[in-house]
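These notes concern the structure reproduced below.
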Amino acid sequence: MGSGDQRRKSALILGATGGIGGAVARKLQARGWTIRALHRNAQKASASGQGFDWVQGDAMNAADVRRAAEGVDLIVHAVNPPGYRDWERLALPMLDNTIAAACAVGARILLPGNVYNFGPDAFPVVREDSPQHPVTKKGRIRVEMEKRLKAACEMGASVIIVRAGDFFGPGATGNSWFSAAYATPGKPVGTIRNPALPGIGHHWAYLPDVAETMAQLVERAERLPAFACYHMNGFWDGDGRQLAEAVRRVAGGKAKIGRFPWFVVPLLAPFMTLMRELKEMRYLWKVPLRMKNDRLVAELGTEPHTPIDEAVRASLIAQGSLPELPHGVAALLSHAGKAG
C-alpha cells in the first residue's frame, strides 16, 4: 500500500485552548494529523478557526472522554484545573478518565510534565529516575499522576511524558511567571521584577520548543518503551538574570530590572489562591535546579531550541507587550539570532 493510502492519524486533545495543549495540537496538525478537541463549549471554541474537530464534553465526565476518544491514536492530556484551584478534587479524576478511554480504544497518552515531582533532595541536577520526594501539594499530585500512568502501562497502555521547566511563550497562561514578573500582558515592558535570587539559576521552557519535542517523540512512538519519560534542558538561566536581560534587550534596552516583591506573597496568601501557590512553590527559586536531557538527546539527536531573543520577542508580541514587527524585519532578526 502506498504512503498516500495510509490512514491519517488522529489525536484527541484535552486542553486544546491552553498553552501546551494548543501548541501540541498545531504541531501534530502540521504533520498531517487529524485533531479532535474536547471542550465544554464546542460551538464557541470552533469559532477559533484552527481547523480542529471540536467535540462537546467535559474532561471530568468519563463518558464524554470515552466517546471523544473513539478511533484516535493519541490522547494529549494537557488539561489542568483552572487558576490553580481544586487540584486535589479535579486533577486525578480527569487523568483517570483519560487512562480509561486510552485503554478502551488502544490510544497512547501524552502528558506534559514538570519539576514539581522533585524535592530539594534531588537537586541541583535532576534526571528522569531521580528520587521523587515532593514537598508541595501539587508535587504529590504530579507523582501520583505518573504512578497511575505507569500502572496503566503494566496493563498494556503506552505513555509519553515530557518534563520541562517553567513555561513561557505564545499561548502561555496569564498565571505564568513570565506574565506575572517579566512583562504584564497588554502593557509595554516596564520594570522587570525578577523572582530569581542573585546567582541562582532557573529552568525555563519555551512552549513551541516543548510542543515540537513532543511531536517528534510521538512520530517515533513505536520505538519508545511503553512508559517513556524525558527531560528537556529548555532555557537554562544560569545566573538568574539571563531571561530578565533578554526581555530588557528585546524591549529596547530601557526597562529596569528590579526584584520580585516576595515579601507580599505570604501577606496575601490567606486571601488569594495564586499567592498561596506562589508561596508553596517558592522553593524552586531558592536553589538551582536543572533537568538533564541526555536521554532525550540520545533519542532525538538534538533538542529543539529557539534562540532566547527570538523566543522572548515572540512571547512579548503574543501577549501584547511589544508591537508585531513587519514580516521582513522579523525574519531578519530571526536569522541573526540563529546565526549568533
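Quick note: the coordinates plus some simple rules give every number you see, no bench work behind them. Just so it is clear, the structure is predicted and the values come from calculations on it, not from any experiment. Note that each Cβ is placed from the backbone with ideal geometry, even for glycine, and that neighbours are counted across all protein chains shown.
Observations
- Looking only at the stretch 30-83, residues that are among the hydroxyl-bearing types (Ser, Thr, Tyr) and assigned to a helix (DSSP H, G or I) come to 2 in all.
- Filtered by the rule that a residue be touching a Ser or Thr at 6+ places or on another chain (Cβ under 7 Å) and in a helix (DSSP H, G or I), the stretch 301-324 gives a lone residue, GLU310.
- Boolean, PHE167 is aromatic (Phe, Trp, Tyr) and over 21 Å from THR306 (Cβ atoms): no
- Residue match in the stretch 280-289 (condition: free of Cβ contacts under 8 Å to residues at least 24 places away in the same chain and under 18 Å from PHE178 (Cα atoms)): yes
- Selection within the stretch 141-162 - surrounded by 18 or more Cβ atoms within 10 Å (Cβ to Cβ) and either under 19 Å from the mean Cα position of the chain (by Cα) or not in a loop (DSSP other than H, G, I, E, B) (or both): ILE141, ARG142, MET145, GLU146, LEU149, ALA152, VAL159, ILE160, ILE161, VAL162
- Within the stretch 177-207, the set of residues being crowded, with 20+ Cβ neighbours inside 10 Å, in contact (Cβ under 8 Å) with a residue 60 or more places away in the chain and more than 15 Å from ALA255 (Cβ to Cβ) comprises PRO195, ALA196, HIS202, HIS203, TYR206, LEU207.
- Wholly within the stretch 168-286, helices (runs of 4 or more DSSP H) carrying at least 2 residues that are among the acidic types (Asp, Glu): 207-219, 273-281
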